[in-house]
């Protein structure tokens with residue numbers, strides 16, 4: 001029974017398309033996140049979200065938008081995909097926004113833009 | 001803006017020996033530090049953490065040491081086992097923010 005699940009696991013799409021990656025957690029956590037693992041393997045925060053606020057990393061293009069229909073879901077929408085968006089995207093959740101007990105990560109979505 | 005650095009991309013040790021993974025950070029606002037372990041095609045898994053008010057935390061074969069004055073932490077694994085072979089990410093936490101290093105690939109040889 002997966003704690004944080006992301007779909008799809010692999011996504012290949014053409015430049016200019018709009019796509020979504022879904023994330024669900026069944027841990028009852030209050031905060032969810034999206035991370036991008038870049039070509040140098042750094043995990044960079046994109047968004048953190050709980051029922052109180054959305055915090056956006058200001059370096060993230062506004063083509064990226066998180067959508068949270070409820071506390072257990074945080075989907076990532078990407079408009080007008082570009083080649084540079086190719087990366088592995090990880091969803092994560094934590095008990096609180098301090099994350100001192102660690103995040104629980106999904107298994108990642110490998111996005112390839114061609 | 002690499003606030004968390006893992007300067008060794010890879011480390012190879014013999015089974016039974018100690019593995020020492022190092023991490024440096026630059027932002028003194030970080031007050032919690034964590035290590036994650038990642039296998040291929042999986043998400044990172046939380047391993048161990050330490051508060052900035054401590055200098056050592058131990059959990060079984062894993063011990064994390066924190067040197068605040070040097071802004072340095074390390075993860076010791078002893079004895080190392082082949083199943084420990086993975087990529088290890090160091091992370092530093094502040095409110096609503098967690099920064100990760102680039103990871104160190106540990107290979108434990110039988």
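The values are calculated or read from the model by the stated rules, or taken from the named source; none is laboratory data. In this text the structure is predicted, and so the values were computed from the model without any measurement. Don't worry about glycine lacking a Cβ; one is built from the backbone with ideal geometry, like all the others, and counts go over all protein chains shown.
Quick one: count up the residues across the range A:26-58 that are under 23 Å from residue B:101 (Cβ atoms) and at pLDDT below 85.
To start, the set of residues in the range A:26-58 that are under 23 Å from residue B:101 (Cβ atoms) comprises A:31-48, A:55-58.
Then keep just the ones that are at pLDDT below 85; that gives A:38-42, A:55-58.
Count: 9.
Residue by residue, here is whether (1) modelled with pLDDT under 95; (2) under 12 Å from the mean Cα position of the chain (by Cα) holds:
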| position | (1), (2) |
| --- | --- |
| B:20 | no, yes |
| B:38 | yes, yes |
| B:43 | yes, no |
| B:47 | yes, yes |
| B:52 | yes, no |
| B:67 | no, no |
| B:80 | no, no |
| B:88 | no, yes |
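Conditions: (1) within 14 Å of chain B (Cβ to nearest Cβ); (2) farther than 24 Å from residue B:3 by Cα; (3) part of a loop (DSSP other than H, G, I, E, B). Residue A:28 meets all but one. Number of the miss?
Exception for residue A:28: condition (1).
Residues that are within 12 Å of chain A (Cβ to nearest Cβ) and closer than 27 Å to residue A:5 by Cα: list the strands (runs of 3 or more DSSP E) wholly contained in the range B:29-94 that include at least 1 such residues.
Values: elements: B:32-38, B:45-51, B:56-59, B:62-67, B:72-77, B:86-94.
In the range B:29-94, the matching strands (runs of 3 or more DSSP E) lie at B:32-38, B:45-51, B:86-94.
Does residue A:5 satisfy the criteria of being in contact with a strand residue (DSSP E or B) (Cβ under 7 Å, 6 or more places away or on another chain), within 18 Å of residue A:108 (Cα to Cα), within 12 Å of chain B (Cβ to nearest Cβ) and outside any loop (DSSP other than H, G, I, E, B)? Before you say what the answer is, go through the steps one by one.
On the way: in contact with a strand residue (DSSP E or B) (Cβ under 7 Å, 6 or more places away or on another chain): yes; within 18 Å of residue A:108 (Cα to Cα): yes; within 12 Å of chain B (Cβ to nearest Cβ): yes; outside any loop (DSSP other than H, G, I, E, B): yes.
It is true that residue A:5 is in contact with a strand residue (DSSP E or B) (Cβ under 7 Å, 6 or more places away or on another chain), within 18 Å of residue A:108 (Cα to Cα), within 12 Å of chain B (Cβ to nearest Cβ) and outside any loop (DSSP other than H, G, I, E, B).
Going by the structure shown, is residue B:106 assigned to a strand (DSSP E or B), in contact with a helix residue (DSSP H, G or I) (Cβ under 7 Å, 6 or more places away or on another chain), over 20 Å from residue A:91 (Cβ atoms) and touching a residue at least 24 places away in the same chain (Cβ under 8 Å)?
Yes: the conditions hold for residue B:106.
Given the conditions (1) in a strand (DSSP E or B); (2) surrounded by 16 or more Cβ atoms within 10 Å (Cβ to Cβ); (3) modelled with pLDDT of 95 or more, and given that residue A:20 satisfies all but one, which numbered condition is not satisfied?
Only one criterion in (1) in a strand (DSSP E or B); (2) surrounded by 16 or more Cβ atoms within 10 Å (Cβ to Cβ); (3) modelled with pLDDT of 95 or more is unmet by residue A:20, namely (2).
Based on this model, can you work out whether residue A:109 counts as out of contact with any helix residue (DSSP H, G or I) (no Cβ under 8 Å at 6 or more places or on another chain) and facing chain B (nearest Cβ under 9 Å)? Explain how you work it out, then say what you get.
Details: out of contact with any helix residue (DSSP H, G or I) (no Cβ under 8 Å at 6 or more places or on another chain): yes; facing chain B (nearest Cβ under 9 Å): no.
Taking the combined requirement at face value, the residue does not satisfy it.
Filter the strands (runs of 3 or more DSSP E) completely within the range A:31-88 down to those with at least 1 residues that are more than 24 Å from residue B:4 (Cβ to Cβ).
On the way: elements: A:31-37, A:43-49, A:54-56, A:64-67, A:75-78.
Strands (runs of 3 or more DSSP E) meeting the threshold: A:64-67, A:75-78.
Could you grab me the full set of residues in the range A:59-71 that are modelled with pLDDT of 90 or more and over 13 Å from the mean Cα position of the chain (by Cα)?
Matches in the range A:59-71: A:61, A:62, A:63.
Looking at (1) surrounded by fewer than 19 Cβ atoms within 10 Å (Cβ to Cβ); (2) within 12 Å of chain A (Cβ to nearest Cβ); (3) within 23 Å of residue A:59 (Cβ to Cβ), can you tell me which one residue B:102 breaks?
(1) is the only condition that residue B:102 fails.
Under 18 Å from residue B:40 (Cβ atoms), surrounded by 19 or more Cβ atoms within 10 Å (Cβ to Cβ), in contact with a strand residue (DSSP E or B) (Cβ under 9 Å, 6 or more places away or on another chain) and at the interface with another protein chain (Cβ under 10 Å from one of its Cβ atoms): is that true of residue A:103 in this structure?
Numbers: under 18 Å from residue B:40 (Cβ atoms): no; surrounded by 19 or more Cβ atoms within 10 Å (Cβ to Cβ): yes; in contact with a strand residue (DSSP E or B) (Cβ under 9 Å, 6 or more places away or on another chain): yes; at the interface with another protein chain (Cβ under 10 Å from one of its Cβ atoms): yes.
Taking the combined requirement at face value, the residue does not satisfy it.
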